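These notes are about the structure you will find just below.
The values are calculated or read from the model by the stated rules, or taken from the named source; none is laboratory data. Every value quoted in this text rests on a predicted model; they were computed, and no experiment measured them. Please note: Cβ atoms are built from the backbone with ideal geometry, for glycine as well, and neighbour counts cover all protein chains shown.
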C-alpha cells in the first residue's frame, strides 16, 4: 500500500482533495483581510450561502466544530442548556466544547431507530423556570444523522415544539446538501431535482444552520454558520474568542464557493456508489446493514464472525478486519460496526474493488 493512488479511502468524505478546477478558483481568488471584513471571496461565500438558505447573514469558520460551538454560545449563556441527541456530533464528538468553553449544559436524548428524537422525550427534558435547574434554551438537530435523512414532517414538528416552549433551534447540517439531494431525488411535487430548494426548505425551520464544505462538497477546509444578522453578530465575537478569525481566508472561501456551485448535484454519484457498495455486500453471512440514504453505509458484523475470522484469516488476535483491509488498500473505520463513506475521490470501479476485498476477507 505504498502508492496513494491505489488506496480506496472510505473512512470519511473529509479525506477528499481539491479538484483541479477548485485549485484554479482558489489560486485566482481576490483576497483581503476577513477580520476587517474586507476579504471579497469570504464575503461572496457568506452572501451566497445565506441567500441559498434564506437567512440574513453567514459567517465563515475553519471547521464545523467551531461553527457548532459558535452557534451554541450565540444562542445560550452560562448556565443555560441545550437539548441534543445522545450521539449528536455537537454533544458527543466535539470534545464537550459547549460545556467547557461556554458553560452550557448539554441534555442528551436517546435516538429512535431512525435517528430522530421522540417528541415527548424532547418535551420532558425542557426544564421549568426554577433556580435549581439549568435554563433550557436551545434544541439542536443533526441532518443527515449517520447518513440518514431526517423526515421533514418530524423536523417541522420538533422545531414547532421548541418554538412553543420559547427555545431556539440549531441545525447541524454538516451534510445538509446530501440530505437535500436525497430529498430532491425522492420528490414528486414539482420541484423535481432542485437540491438547493430542498436545502432551503430544511433550513427554514431553524434559527441557525451550520453547513460544512469539506465533507461531501469536497472543499479542503471550512464551514459556515447562517442565521439572523443579530445572531451572526454574536457568533463573530465568539469566533474571535475561539481563535477562528482568519486573515486572507479567501483562498479557502473560494474553494468552498466552488464546491457550493459545482459539487452539489454530483453528490448523487456518491449516493449511488454507497448503494452499489451495499448491493455488493448483500447476502454475506454474519453481515447486516440498512440501505444507505446518502453516502454512508454502516455494516454490522456478527461477533462470532469477527472472532472466527480474526483467528483464522486476519493474522491473529491483534489484527482487525479494518487492519486487514488497510493492508490491501481499502480504508474504513470501526470494529464490529464498520463505516464506509463514499465521496468524490472514489469512483464505481474503486467501489467494486473494495467489494471484492471485503468479500474475500470475509471468506466469500
Given the conditions (1) out of contact with any strand residue (DSSP E or B) (no Cβ under 7 Å at 6 or more places or on another chain); (2) surrounded by fewer than 17 Cβ atoms within 10 Å (Cβ to Cβ), report the number of the one that residue 66 does not fulfil.
(2)
Qualifying residue in region 233-250 (condition: touching a helix residue (DSSP H, G or I) at 6+ places or on another chain (Cβ under 6 Å) and either farther than 23 Å from residue 69 by Cα or not assigned by TED's automatic domain parsing to the domain that holds residue 171 (or both)):
no
Is it true that some residue in region 180-202 is crowded, with 22+ Cβ neighbours inside 10 Å, under 18 Å from the mean Cα position of the chain (by Cα) and not in a helix (DSSP H, G or I)?
no
Go over the candidates 85, 98, 102, 115 one by one and state the one that is over 28 Å from residue 129 (Cβ atoms) and buried (at least 20 other Cβ atoms within 10 Å of the Cβ).
115
Would you check if there is a residue in region 271-288 being surrounded by 21 or more Cβ atoms within 10 Å (Cβ to Cβ), at pLDDT below 95, over 20 Å from the mean Cα position of the chain (by Cα) and within 26 Å of residue 216 (Cβ to Cβ)?
no
Of everything in region 19-39, what is in contact (Cβ under 8 Å) with a residue 60 or more places away in the chain and not in a helix (DSSP H, G or I)? Give them in sequence order.
19, 28, 29, 30, 31, 32, 33, 39
Checking residue 298 against (1) surrounded by fewer than 23 Cβ atoms within 10 Å (Cβ to Cβ); (2) in contact with a strand residue (DSSP E or B) (Cβ under 6 Å, 6 or more places away or on another chain); (3) under 20 Å from residue 53 (Cβ atoms), which test does it fail?
(3)
For residue 218: the one exception among (1) in a helix (DSSP H, G or I); (2) under 20 Å from residue 10 (Cα atoms); (3) in the same structural domain as residue 149 (by TED's automatic domain parsing):
(1)
I'd like the full set of residues that are more than 20 Å from the chain's Cα centre (by Cα) and either outside any helix (DSSP H, G or I) or at pLDDT below 95 (or both), limited to region 155-177.
165, 166, 167, 168
Give, as residue ranges, the helices (runs of 4 or more DSSP H) completely inside region 40-149 that count at least 2 residues that are over 30 Å from residue 275 (Cβ atoms) and in the same structural domain as residue 227 (by TED's automatic domain parsing).
40-53, 64-75, 97-102, 119-125
